[in-house]
Amino acid sequence: MSAVATTAAPASNATYLQIQDVVKDFSGYKAVNDVSIDIAKGEIFALLGSSGCGKTTLLRMLAGFETPTSGRIVLNGHDLAGMPPYERPINMMFQSYALFPHLTVWDNIAFGLRRDGMDKDKVAERVEAMLKLVQLAKYAKRKPHQLSGGQQQRVALARSLAKRPQLLLLDEPLGALDKKLREETQIELVNIIEEVGVTCVMVTHDQEEAMTMASRIAVMSEGRILQVGAPNDIYETPATRFVADFIGNVNLMDGTLKSDEPDHVVIQCADCSHWVGHGITGTEGMTVSVAVRPEKIALQRDPPPTEHAPHNRVQGTIKDLAYFGSFTVYHLQLASGAMLKVSQSNVARHRDHELTWGDTAWASWSPTSQVVLTQ
Amino acid sequence: MRRILDFFRRGRTAVIGVPFVWLLVFFLIPFLVVLKISLSEMGTVSVNDIVTFAEGSMQIKLRGASYVFLTEDSLYFRTYLSSIKYAAITTVFCLAIGYPFAYFMARAKATVQPALLMLVMLPFWTSFLLRVYAWKGLLDENGWVWQLLIGLHLDAGLASAGLISAPGKLMNTPFSLVIGMVYTYLPFMILPLYSNLAKMDLRLLEAASDLGATPWKAFWLITVPLSKAGIIAGSMLVLIPCVGEFVIPELLGGPQTLMIGRVLWDEFFSNNDWPMASTVAVVMILLIIVPLAVFNRYQAEAQEKAK
């Protein structure tokens, strides 16, 4: 597993935040297990994983609330070891915000500035600027409980940006908002962060959030990093079965490598065979998995004339279909009983001979749509 | 549907009604009786009625002499003042001891918290009177507390501060009175503070720390303001009964520590002057209730403004 934990090159060459072989051991349980990441200045970096994968522990070590058992965290050339949270040039936007309920919006934002002993006029100037940035100038005198969830989120952002941190940490930044508001806020949040130009590490379990906001994503599981890359790299070129399965929907088919040529390979699975248009490093007869995303599969009644027939197509019966508005997901039962998910976008409002429950249909895909996974 | 709603509405009235009636019958009515007595004249054996019927006409006789006398004799004023003083000192000590106690109790491991809470409530298992008597034994000559304090030569300091009448004598002094009251009322300070502090969202302290507040700063700027309600509740629970306290000053206090409870007792049972005794009681209640009402009003207004 650990061999996969590759560290992708940061967007720019200069490493700004360096997480080096960090381990956090909670009395025998390794919440974070040998993690190394390099993050460049100005990046928005997402730690993505399901709950308990260690992403929050890693974030808390950056903030200084937890101490790494071993390893180093270096920010802008300074080792953060032994530095308490209140001395770190790092600020965090907490999950569900942790705004001070007894202080007004203004005082919440001014809190950090006052701790630095900044003089009154400077504090006022900075707070006003922050309020303007998040468009809450009208609400300065309110208490947090008098604001909507979206407004509270913006206060929390303003508070964490007020001190011009070298590193901004976001803990499930949009987790407390409802879906519609979340989509709007994602873009707004990224715009603000980019306007300020702060380097940002966020933690989320929501892959959509990670994909829309981050420039790079690290997929975590059981304390380890499985893959680091740009959102489309992770989606289109997953390195392992876990990552392929975790990010988006995928059809995973186990099979054996039948022929291994430099320009293509053929993989025989239970229900169909795959003609993959590129070579892989493997030996004939080895077991591999083929991942095909549902939206890369076409569905029709008649056998499709594919380039490499009889490869890359399969017949099945529609057992289930789920209509999502802009697209429909069909569950095709194959001969072995396995289900194949096929997503078709609803381009036209009405279609003749629309496929429905119980119909027999052919699924097909192109030789460039599959990913062959050996791990 | 309507009938069900009506039933619940009536049920709610009943639930609120029971304690309401209880307070009415056992607090408000007796208070009105006391108020009435304070305005009456003392007969030979009992209090004369305010309202009398003579020759077919109704006569109402209100007598404010007790209230006038209360302002004329400085004893009453001085005693009220000293009652409030000792009650306030007790409250301050209870807060100073109780706050750290409640704080560390609330931050202790969840598994040991019930045990700590039990320890706070343990004294309630023994009679209050017995426990106050026990202090007599501890503070009297040859009691171990006495031996300890004398052994450490702390008595000289206490005497020069005027807390004990003379070195070597701890009992029946302001010192012994305050010890007894703080000891007795401490749980009433700790419990509301604990319940308040235990509810606090600890992430707020992390947020404060993240924004550059040292742990000490975070305590003063976040924990203390957020526990204001607990501080007020605990202080009221200690201050109010302490003002009217009778048993503790009687057992542990001395000539220096005359408190209003003692004066009340004397008026009732030594002087047999019920109107005067009632007057003292009424004024005492007003002294406590009026500032409280003003404070409550102010709090409510502040909350209203915040909206």
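Coordinate-derived values only; no laboratory data. Not measured: the values here are computed from a predicted model. Note: ideal-geometry Cβ built from the backbone for every residue, glycine included; neighbour counts use all protein chains shown.
Quick notes on this one:
- Within a straight-line Cα-Cα reach of under 17 Å, A:Lys30 can be paired with the following lysines, leaving aside sequence neighbours fewer than 8 residues apart in one chain: A:Lys55.
- Residue (of A:Ala156, A:Ile44, A:Val276) at the positive-pole extreme of chain A, dipole from beta-carbon charges: A:Ala156
- Extreme residue, positive dipole direction of the stretch B:73-272, given options B:Leu251, B:Gly162, B:Pro215 (C-beta unit charges): B:Pro215
- Normalised by residue count, the stretch B:244-286 yields a Cα convex hull volume of 64 Å³ per residue.
- Footprinting exposure proxy for A:Asp271, A:Asp263, A:Asp116 (fewest neighbouring C-beta atoms within 10 Å first): A:Asp263, A:Asp116, A:Asp271
- ³J(HN,Hα) computed for each position of the stretch A:126-140 - Karplus, 6.51 cos²θ - 1.76 cosθ + 1.60, integer Hz, glycine/proline x: 5, 5, 4, 4, 5, 4, 5, 4, 9, 6, 10, 3, 5, 9, 3
- Diffusion coefficient, µm² s⁻¹, Stokes-Einstein with Kirkwood Rh over alpha-carbon pairs of the stretch A:245-375 at 37 °C and 0.692 mPa s: 215 µm²/s
- Under conditions of 10 °C and 1.306 mPa s, chain B yields 68 µm² s⁻¹ as its translational diffusion coefficient, taking Rh as the Kirkwood radius over Cα pairs in the Stokes-Einstein equation.
- Entries in A:Lys163/B:Lys228; A:Lys143/A:Lys179; A:Lys120/A:Lys163; A:Lys319/A:Lys341; B:Lys109/B:Lys199 that, when Cα-Cα distance is taken, lie over 21 Å: A:Lys163/B:Lys228; A:Lys143/A:Lys179
- P(r) tail for the protein assembly as shown: Cα pairs beyond 40 Å make up 57% of the total.
- Dipole orientation for the stretch A:2-244: of the candidates A:Tyr29, A:Met83, A:Met220, A:Met83 has the Cα lying most toward the positive pole (charges on Cβ; Lys, Arg +1; Asp, Glu -1).
- For chain A, size of Cβ-based charge dipole, Lys and Arg +1, Asp and Glu -1, in debye: 1480 debye
- For the stretch A:68-153, the list of trypsin sites (Lys or Arg not before Pro) that fall in a loop by DSSP and count at most 13 other C-beta atoms within 10 angstrom reads A:Lys141.
- Going from the residue with the fewest nearby Cβ atoms within 10 Å to the one with the most, B:Ile60, B:Ile150, A:Ile44 rank B:Ile60, B:Ile150, A:Ile44.
- Over the stretch A:249-373, relative contact order from alpha-carbon pairs under 8 Å, at least 6 apart, %: 29 percent
- Total charge dipole magnitude, the protein assembly as shown, about the Cα centre, Cβ charges on Lys, Arg, Asp, Glu only, Debye to nearest 20: 1660 debye
- With at most 12 neighbouring Cβ atoms within 10 Å, loop GluC sites (Glu not before Pro) (DSSP) excluded, longest segment of chain A: A:1-283
- In units of the compact-protein estimate 2.2 N^0.38 Å, the stretch A:167-306 shows a Cα radius of gyration of 1.34.
- About its Cα centre, the dipole of the stretch A:147-207 is roughly 260 debye, where the only charges are +1 on Lys and Arg Cβ and -1 on Asp and Glu Cβ.
- Calculated P(r) tail over 31 Å for the stretch A:2-244, as whole % of Cα pairs: 22 percent
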